[in-house]
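Asker: Pasting in a structure now, in structure tokens, and then I'll have a few things to ask.
The values are calculated or read from the model by the stated rules, or taken from the named source; none is laboratory data. Only a predicted model underlies this, so the values are computations on that prediction, with no experimental measurement involved. The accessibility values were calculated without ligands, DNA or RNA, using every heavy atom of the protein model including side chains. Shrake-Rupley method; radii C 1.70, N 1.55, O 1.52, S 1.80 Å.
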Amino acid sequence: MLRLWRHPKTQAIRLYFSKKTIANALADADVALDPETVKGWIQQNRSGRPEVWVSVKSEVTNNRAPLSGIRDALERTDDFLASDSWDTLVEQAQNPKSYTKPQSEPPVSPENHCEANNHDAEALETTDDHTAAAGSDAQNRKRYYEAGRLDITSIKMPKPITIEVDHRETRLISDLLSAHPLISVETSQLELADFRITDREGNELLIERKRCTGDGMKTDFEASIQTSGRLFDQSERLRFQVSNSDHQVIPVIILEGNVHANATSMLLQQVDGAISFIAAVQRISLLSTYNANHSAYAIAKLASHFIDGLYTPVSLHQAKPKALFSQKTYVLESLPGISTKIAEALLEHFGSVRAVTQASEGELVRVPGIGAKRAREISRVLGEA
């Protein structure tokens, strides 16, 4: 049950969670703290929506990492999930016994049927929009709760995986990833991205995590664009790494939270513009997640698919092509690290499959997409044939 508190000077309202709810949230987040040292409350953010806040006594811990996990757990409680409306939550806290859900509109009777039919069409469309929005919000909260319950240990992995985590990342994500028995987390000082997974051939999966959770302030996504500009710098460096590395590099950016709804300093079109630039110009994949647990689950799933072979050279020889040019690329794709695009580039550069097989390492590296390592592998395979 929520307890209402009103600031004596500003009259600002906070709705505090009970100690029992706090204790349950600590257990849910697997945080070993005394519930008496933790406070959790709901207050209205700048957009008018309810927002969860958490504080821990400073003498208990100076590590802020657990706060995110506790907040996520409180956002999954019945108290917070009860309503999307701040006013409704306040009413529930003020009148916990007498509060009842608002009654639906009475059905249209035959007497007023004609009057109802004369309502303005635009008003009816607006009503339909609000009804759809309310349903969408309810579904979104259901999904948020579901995302917080995802079990990382349920992800099937054929072999152990090591995930490098940048030292600036929160401990919460590392702890969530470490819960999987086949995942080893290594804290590193990464130059690019927040997470790195490397396969046995040296190919890399680089994952950048941007928090877009709402707390009434700029999201990490907004700050990385407006304050420091580091997001575009990071995406440009990732693209450079993809283009110039002698091995495969797969860049992914995870947007954690509702990037559109929680933006406080960027217009909708500005958010879309940034996302569009990263996806279409920088050629970087973007994934959205609901919360930290969902992000950790997505990272583990990406790592599993990457190591299990989805992003290592995959045979495309399911059916033999009939066209001559396709037959030539078909042959070249059998070489190590050669995709369809690179096979086409080789044919365009050398003119024939025979010329490719006779090319030296120095000649091979002149082809876009062929680095020194890949040229050595091709020469080694062709030299032993």
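Asker: With all protein chains present and a 1.4 Å probe, how do Met217, Met266 order by accessible area, largest first?
Answerer: Largest to smallest exposure gives the sequence Met217, Met266.
Asker: Do any of Lys159/Lys210; Lys19/Lys210; Lys39/Lys301; Lys39/Lys142; Lys9/Lys142 go past 30 Å between their Cα atoms, and which?
Answerer: Lys19/Lys210; Lys39/Lys301; Lys9/Lys142
Asker: Heavy atoms of the protein only, probe of 1.4 Å, neighbouring chains included. What is the accessible area of Ser154 in Å², nearest 10?
Answerer: For Ser154, the solvent-accessible surface is approximately 70 Å².
Asker: By its C-alpha gyration tensor, with a ≥ b ≥ c as the square roots of the eigenvalues, how is segment 159-202 shaped: rounded for a/c under 1.5, else prolate for a/b larger than b/c, else oblate?
Answerer: On the way: a/c = 2.87, a/b = 1.05, b/c = 2.73.
It comes out oblate by the Cα gyration axes.
Asker: On to the next question. Decide, for segment 165-311, between rounded, prolate and oblate: order the square roots of the alpha carbon gyration tensor eigenvalues as a ≥ b ≥ c, take rounded if a/c falls under 1.5, and otherwise choose prolate if a/b is larger than b/c, else oblate.
Answerer: Oblate is the answer for segment 165-311, as a/c is 1.5 or above yet b/c matches or exceeds a/b.
Asker: Ordering Tyr16, Tyr330 by accessible area with a probe of 1.4 Å, largest first, what comes out?
Answerer: Result, largest first: Tyr330, Tyr16.
Asker: Next up: Determine how large the accessible area of Ile225 is when every protein chain is in place; take a 1.4 Å probe and give Å² rounded to the nearest 10.
Answerer: Result for Ile225: roughly 30 Å² accessible.
Asker: Sorted by accessible area with a 1.4 angstrom probe, largest first, how do Trp41, Trp53 fall? Could the numbers behind the result be given before it?
Answerer: Numbers: Trp41 20, Trp53 80 Å².
Ranking Trp41, Trp53 by accessible area, largest first, yields Trp53, Trp41.
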